[in-house]
Amino acid sequence: MKADLAIRNARVVDHSGEFFGGIAVKDGKILMVGASDALPQAKRVIDAEGRCLLPGVIDTHCHLGVAYPYDEDMRTETAQAACGGISTIFLYIRNKKESYLPFYDERRGIGEENACIDFGFHFGIQREEHIREIPAIVEHTGVQSFKLYFGYEPDNPIGIVPANDGWVYATMLQVAKLPQGVVSVHCENTAIASWVKRDMLASGRQDLGAYTESRPAFCEVETIKRMIFLAERTGCALQLVHTSVGAGPDLAAEARAKGLDVTVETCPHYLTRTCYDEDLDMTAKISPPLRDREQLEWLWRGALADKVNSIGSDHVPFLPKKGEDLWTEFPGVVSFPWELPLLITHGVINRGLSLQQLVRMNSCAPAKRFGYYPRKGSLEPNTDADLVLVDLEEEREVEHEGRGTCIYEGMKLKGWPVMTVSNGRVVYENGEVDDRQHGQGVCITRPGR
Ligand SMILES: [Zn+2]
């Protein structure tokens, strides 16, 4: 049998180990994994020349169609993701209408017309009707992952409807019954932060540190603890998203030791940037905020000890930021293209994170968390051929030309993706995304999955 694609002479790494050899792909699936000489003939053969071949990155956290039209974002940002070795993205999306069913149909349809890689959805609970609709949502859309938002005041400029504990409890009761059900929570105690912010506003400060100090780390820690308590009461799986505090991974590990299903996601920016970095200003505002060096290193200790489940970018392209007022600036940055080189440089090279650990956080664990393993996130035969070829020796500076705010401009990183394969299709190579791949990506959250 002739394969479509064979990648030979690679250092093949997955979450469990590594070997020297290659992978053959046919009809979008992995056909064979093994020694280069044992691979079947293929229509296209790539010599990896010893570079690293990993499962494609699964980025389970982004927001598209927030500031720019959704159809455009699904085109431009999935291309940005492919440049970063990402083969699947999950969107946290919100809908304020009573039902999620028409919204899903529309978002899936427009997504499949434009995306060049696979994508899936988590839905935000934005009104009580959404909680009651969960069984119908699962049946109609396949989505079993729901997000609740603390950390936003009722008049926030993004228009997010904040949750209350009643919503969390009621959602968890519903989601606990689902086979792959997960509740994600943005953890920050907004009531306390609002009080702290009043003093900070009076001070007149406009530096990035003022924003961070107006939302202290203990506000996030408090809500994490409260959510773990509710997860225990309800027996619901809990994903702590974009965790910025070092205590997060420790608290989740303690909960898991008690038998609870609690996982932690953190983001590349919390592992690589602090609010006191001299080159950053108010345009680096993110929610939750960038922290200080102590929290950053604490998060790394958690990651190195396997207490961080997954990395999500929280990629959100906003219109160019004005940089005029710290308090009304939109919170959020883009990260897709640099997620992998940031983790390789700051984790693998600088701190001794193993490539297996990297693959576990980037591919295997996120696929497991949301119920897509081993179809996604593994290198097993007959699973989706989602791959990234990485050159660990390539070193260059970050340059950003796309949408949104980049907080890494000029940073020298080592370990860049050179080729991204999604369902057997070469989407990115030689520094270019293949435009013909738009419209080939598939929505993987679907009924009856
Ligand atoms: Zn987010």
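The values are calculated or read from the model by the stated rules, or taken from the named source; none is laboratory data. Note that the coordinates shown come from a computational prediction; the quantities given were computed from them, not determined experimentally. Here the Cβ is made from the backbone with ideal geometry for all residues, glycine too, and neighbour counts use every protein chain on show. All accessible areas refer to the heavy atoms of the entire protein, side chains included, with ligands and DNA or RNA removed. Shrake-Rupley method; radii C 1.70, N 1.55, O 1.52, S 1.80 Å.
With a 1.4 Å probe and all protein chains kept in place, how do Ser214, Ser194 rank by accessible area, largest first?
Ser194, Ser214
What is the angle, in °, between the Cα long axis of helix 70-83 and the longest principal axis of the Cα atoms in the chain? Nearest 10 is fine, range 0 to 90.
Taking Cα atoms only, the helix is inclined about 60 degrees.
In what sequence, largest accessible area first, do Met32, Met172, Met200 appear using a 1.4 Å probe?
The residues order as Met32, Met200, Met172, largest area first.
Working from the pairwise distances between different alpha carbons, so that the mean of 1/r is found and then inverted, what is the range 1-65's Kirkwood radius in Å?
The Cα-based Kirkwood calculation yields 12.6 Å.
Please pull out the direction-averaged projected area of the range 56-111, using the convex hull of its alpha-carbon atoms, in nm² to one decimal place. Spell out each step's value before the answer.
Numbers: hull surface 15.7 nm².
With every direction weighted equally, the projected area is 3.9 nm².
Which of the trypsin sites (Lys or Arg not before Pro) found in the range 44-98 are in a DSSP loop and have at most 15 neighbouring Cβ atoms, other than their own, within 10 Å?
Within the range 44-98, the qualifying trypsin sites (Lys or Arg not before Pro) (loop, at most 15 other Cβ atoms within 10 Å) are Lys96, Lys97.
Convert 10 °C to kelvin, take the viscosity as 1.306 mPa s, use the Kirkwood radius over C-alpha pairs of the range 243-302 as Rh, and evaluate the Stokes-Einstein diffusion coefficient in µm²/s, rounded to a whole number.
The Stokes-Einstein estimate is 130 µm²/s.
If you filter the range 164-272 for chymotrypsin sites (Phe, Trp or Tyr not before Pro), then keep DSSP loop positions with at most 12 other Cβ within 10 Å, what is left?
none
Could you give the semi-axes, largest first, of the ellipsoid that matches the range 210-327, computed as the square roots of 5 times the alpha carbon gyration tensor eigenvalues and rounded to whole Å?
Output for the range 210-327: semi-axes of 27, 15, 13 Å.
Per-residue accessible area for His186 at 1.4 Å probe radius, Å² rounded to 10?
His186 exposes around 0 Å² with every protein chain in place.
Using Cα atoms only, what is the angle between the long axis of helix 165-175 and the major principal axis of the chain, expressed in degrees (0 to 90) to the nearest 10?
Approximately 30 degrees, to the nearest ten.
Calculated FRET efficiency, Val398 and Ser354, Cβ-Cβ r, R0 22 Å, to nearest 0.05? It would help to have the intermediate numbers written out before the result.
Numbers: r = 24 Å, r/R0 = 1.10.
E between Val398 and Ser354, to the nearest 0.05, is 0.35.
Just the ratio, please: alpha-carbon radius of gyration of the chain over 2.2 N^0.38 Å, N its number of residues.
It is 0.93.
How much solvent-accessible surface does His315 expose, in Å² to the nearest 10, with a 1.4 Å probe and all protein chains in place?
0
As a test, work out the antiparallel percent of DSSP beta bridges whose residues both lie in the chain, rounded to the nearest 5.
Details: 31 of 65 bridges.
Rounded to the nearest five, the antiparallel share is 50 percent.
In the range 223-298, which GluC sites (Glu not before Pro) fall in coil by DSSP and have 10 or fewer other Cβ atoms within 10 Å?
For GluC sites (Glu not before Pro) across the range 223-298 that sit outside H, G, I, E and B with at most 10 neighbouring Cβ atoms in 10 Å, the list reads Glu278.
Which residues' amide hydrogens lie under 5 Å from the amide hydrogen of Gly439, considering only partners 5 or more residues apart or on another chain, with H built in the peptide plane?
Amide H neighbours of Gly439, under 5 Å, 5+ apart: Asn114, Ala115, Cys116.
Compute, for Asp261, the solvent-accessible surface of its heavy atoms (probe 1.4 Å) with the complete set of protein chains present, and express it in square angstrom to the nearest 10.
70
Only Lys, Arg, Asp and Glu count, each charged at its Cβ (+1, +1, -1, -1), so figure out the dipole size of the chain about its Cα centre, rounded to 20 debye.
1300
Work the Kirkwood hydrodynamic radius out for the range 367-449: mean of 1/r over every pair of different alpha-carbon atoms, inverted, in Å.
Its Kirkwood hydrodynamic radius stands at 15.3 Å.
With everything on Cα atoms, drop me the angle between helix 101-114 and the longest principal axis of the chain, reported from 0 to 90° to the nearest 10.
40
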